[in-house]
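Worksheet: the structure to be examined is printed underneath.
Only the coordinates and a few stated rules stand behind these numbers; no lab work does. Given the structure is predicted, the values throughout are model-derived calculations rather than measurements. Note: ideal-geometry Cβ built from the backbone for every residue, glycine included; neighbour counts use all protein chains shown.
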2 protein chains.
Amino acid sequence: MAATLHDVARIAGVSIKTVSNVINDYPHVKPDTRARVQTAIEELGYQPNLSARSLRSGLTGAITLALPELSLSYFAELADAVIRAAERAGKVVLIEQTNGDRARELEVLTSPRLKMTDGLIFSPLGMGMDDVARLEVPYPLVLLGERIFDGPADHVTMRNVEAARAATEFLIERGRKRIVVIGAHEDEVIGSAGLRLRGYMQALDAAGLEFDPALIGYTTLWHRSNGATSMRALLAMGVEFDAVFGLNDTLALGAMRAIQEAGLRVPDDVAVIGFDDLDEAQYSLPSLTTVNPGRDEIAETAVATLLQRIGDRDGAIGDARQILARYEIVERESTPPL
Amino acid sequence: MAATLHDVARIAGVSIKTVSNVINDYPHVKPDTRARVQTAIEELGYQPNLSARSLRSGLTGAITLALPELSLSYFAELADAVIRAAERAGKVVLIEQTNGDRARELEVLTSPRLKMTDGLIFSPLGMGMDDVARLEVPYPLVLLGERIFDGPADHVTMRNVEAARAATEFLIERGRKRIVVIGAHEDEVIGSAGLRLRGYMQALDAAGLEFDPALIGYTTLWHRSNGATSMRALLAMGVEFDAVFGLNDTLALGAMRAIQEAGLRVPDDVAVIGFDDLDEAQYSLPSLTTVNPGRDEIAETAVATLLQRIGDRDGAIGDARQILARYEIVERESTPPL
DNA sequence: ATGAAAGCGCTAACAT
DNA sequence: ATGTTAGCGCTTTCAT
């Protein structure tokens with residue numbers, strides 16, 4: 001059996017209170033008592049029983065991260081960043097995959113398994129504004145993504161509209177006038193697709209360019225294959241264009257493949273920009289210019305915010321906050337130099 | 001405060017034992033008592049306190065998965081598969097990232113945080129055979145990967161040598177005779193690189209082809225950029241070749257980029273095969289022929305094996321087992337048809 | 001500076 | 001079929 005406080009206390013010839021004091025760095029312990037306890041701890045290889053500690057303290061030292069799926073690079077890189085940020089704070093991360101399925105997302109919000117952790121960082125994809133009320137939960141919650149706004153929980157997200165506008169302007173500054181968008185969702189107002197499309201429109205407007213519906217490629221999912229398929233369809237219809245804005249990197253990468261298949265050159269004939277700054281955007285042929293939406297900052301802030309809420313037993317922090325990360329355009333080979 | 005067993009018992013007018021019986025599906029409970037308890041549970045929104053349950057039962061219902069990093073697609077897809085398999089068994093997964101750093105890996109093996117879970121699925125990258133003794137741990141452990149063999153723990157892995165041999169033979173069958181390998185590690189005997197290189201040699205041998213050291217591209221890491229760099233170096237040296245075996249998919253993808261940059265055609269001038277069957281292998285240009293090493297089966301088996309060990313309180317299962325998944329070659333566009 | 005003891009919420013052995 | 005009760009190992013008043 002694993003050693004307990006009592007075992008350590010017995011070996012060290014002190015009470016369990018003293019051992020506890022040593023472990024928790026309570027200041028008033030005589031140096032030589034402390035040393036004796038330390039020796040006993042090492043001798044026994046004592047490690048505290050975390051279940052017991054949790055039961056007593058009500059805190060587990062773990063947080064849950066719920067996201068659609070790790071096979072999507074964006075979420076894998078987000079999870080990586082969240083785990084690193086949590087680790088820096090000495091916390092550990094439990095991952096739930098929802099597949100972006102609304103029912104599963106709602107289920108996760110009330111799952112008993114959440115009690116294994118102190119709070120939830122939640123990146124929904126299937127839920128919408130109608131489900132806002134479901135976010136009134138009795139535990140600390142930080143929301144990610146663009147499915148819900150002004151909900152009852154802290155929300156950390158990116159500047160979708162501004163960043164998409166900047167991406168579009170980046171193409172316009174380089175002389176492109178007929179800019180295809182890949183990945184739009186019919187009638188979506190919020191959600192990443194809706195917001196980024198709005199940014200696109202704003203940029204056209206500001207530049208005095210006319211919006212042409214023929215330039216919009218709709219896809220339901222945002223995988224590489226959807227980008228390629230959508231692009232091929234546009235190509236087949238004979239639409240004329242000189243640039244492509246992929247609403248995320250995988251779409252842009254897929255579209256870039258279709259463009260090259262058709263014998264067009266990137267960036268000479270068609271300039272391409274993506275959104276997300278995935279690791280692989282550096283390694284495509286040509287490498288992909290894209291928007292870094294501040295993923296690391298989002299992860300960092302989400303963890304910090306959640307931990308604040310967890311530590312805030314008497315609601316001193318106040319109302320739900322909206323936090324926006326800084327974005328940045330990363331220029332690579334898929335767009336021409338200025 | 002959250003409701004407890006006592007609250008439910010009081011409302012339902014029974015003892016906590018009865019409530020506990022209902023929750024744990026103990027058979028001998030009168031139907032109407034059960035109904036009364038159920039009503040009380042719903043009324044109070046009772047959810048069991050998992051810390052208390054863990055303290056009492058010694059089991060948490062969670063497992064740890066320790067891997068290098070989620071930003072590497074292979075591990076993201078592995079984690080995805082492990083989480084799904086665990087979920088099917090009603091277990092939850094906590095993820096630790098080691099960055100493939102040996103010191104960090106050894107640290108994870110003895111971390112107190114492991115006590116938050118019932119066992120560990122461990123995919124080391126920095127540890128080696130010298131560290132085998134460190135795997136004698138006082139908790140259920142299942143090992144993944146090719147860093148350690150015949151250790152004291154169950155080991156689930158892929159048929160590296162056979163699969164690499166099959167990949168090489170696949171190229172030979174298509175008439176290729178000068179096959180470059182990208183991603184070799186100097187003097188490595190075990191490890192993915194060492195094993196796969198051995199499979200390559202075996203295939204050459206069996207086909208009566210001579211091994212040419214000039215065809216081996218060494219890289220320390222297995223990112224896309226390493227594949228591209230290594231390939232460019234070989235190209236610059238004027239080495240002649242008609243095929244490339246990337247020891248993993250990202251290397252192959254990087255190499256393919258360098259090949260195309262050099263004006264060579266895939267698969268006509270150079271056939272390319274990878275290893276891993278990542279999602280993105282389907283979407284490259286051309287799509288990548290590769291080896292599916294049985295990742296889903298590995299994840300499934302690792303979880304099942306770990307849960308068996310966890311449930312096996314009196315060591316009835318016996319010694320450490322070695323389990324090998326089935327592999328399969330997935331033919332795509334980067335190799336010519338037979 | 002240290003000790004004694006209560007109790008977090010649950011499970012399970014033991015009663016009835 | 002249901003109730004009583006003793007801990008699981010820890011933190012934390014309250015004493016000393």
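For the reader, a short list of remarks on this structure follows.
- Rounded tilt (10° steps) of A:31-44 against the dominant C-alpha axis of chain A: 70
- Ascending distances from the B:Ala206 label point to its copies in the other chains, with the point 7 Å along the Cα-to-beta-carbon line: 6.2 nm.
- Where labels lie 7 Å past Cα in the beta-carbon direction, separation of A:Ile190 and A:Ile23 in nm: 4.4
- Kirkwood hydrodynamic radius over Cα pairs of the stretch B:213-309, then Stokes diffusion coefficient at 20 °C and 1.002 mPa s, in µm²/s: 150
- Counting DSSP beta bridges with both ends in the protein assembly as shown, the antiparallel % (nearest 5): 15
- Mean residue ellipticity (222 nm) of chain B, computed from DSSP H runs ≥ 4 via -39,500 (n - 2.57), nearest 500: -12500 deg cm²/dmol
- Of the residues A:Pro140, A:Pro267, A:Pro48, the one that moves most in a GNM of chain A with alpha-carbon contacts below 10 Å is A:Pro48.
- Sorted from nearest, the other copies put their A:Glu43 label points 5.5 nm away, the label point being 7 Å from Cα in the direction of Cβ.
- Separation of alpha-carbon centers, the stretch B:185-230 and the stretch B:235-272, rounded to whole Å: 14
- Inter-copy label distances at A:Ile317 (7 Å, Cα→Cβ; nm, one decimal): 4.0
- Note on B:102-115: average number of Cβ atoms from other chains within 10 Å of each residue's Cβ is 2.
- Distance histogram in 10 Å bins (all Cα pairs of the stretch B:23-123, percent per bin): 13, 32, 27, 15, 10, 3
- On Cα atoms only, tilt of B:191-207 relative to the major axis of chain B in degrees: 50
- Neighbouring Cβ atoms from other chains, within 10 Å of the Cβ of residues in A:250-261, number 2 on average.
- Entries of A:Lys91/B:Lys115; A:Lys115/B:Lys17; A:Lys115/B:Lys91; A:Lys91/A:Lys115; B:Lys17/B:Lys115 with Cα pairs more than 19 Å apart: A:Lys115/B:Lys17; B:Lys17/B:Lys115
- Cα-Cα P(r), the protein assembly as shown, percent of pairs per 10 Å interval: 3, 14, 21, 23, 19, 12, 6, 2, 0
- Cβ nearest the rotation axis (B onto A), residue from chain B and distance to the nearest whole Å: B:Ala76, 2
- For the stretch B:234-338, the list of trypsin sites (Lys or Arg not before Pro) that fall in a loop by DSSP and count at most 16 other C-beta atoms within 10 angstrom reads B:Arg265, B:Arg313, B:Arg321, B:Arg326.
- Per-residue HN-Hα couplings for the stretch A:129-136 [Karplus 6.51, -1.76, 1.60; θ = phi - 60°; Hz; x = Gly/Pro]: 4, 5, 9, 3, 4, 5, 8, 7
- Three-way shape call for the stretch A:1-67 based on the alpha-carbon gyration tensor, with the a/c threshold at 1.5: prolate
- Share antiparallel - DSSP beta bridges, chain A, percent rounded to 5: 10
- Values of log10 I(q)/I(0), in the order q = 0.14, 0.15 Å⁻¹, for the stretch B:119-238 under a Debye, Cα-only, solvent-free model: -0.69, -0.76
- Tail beyond 37 Å, pair distance distribution of chain B (Cα, percent): 33
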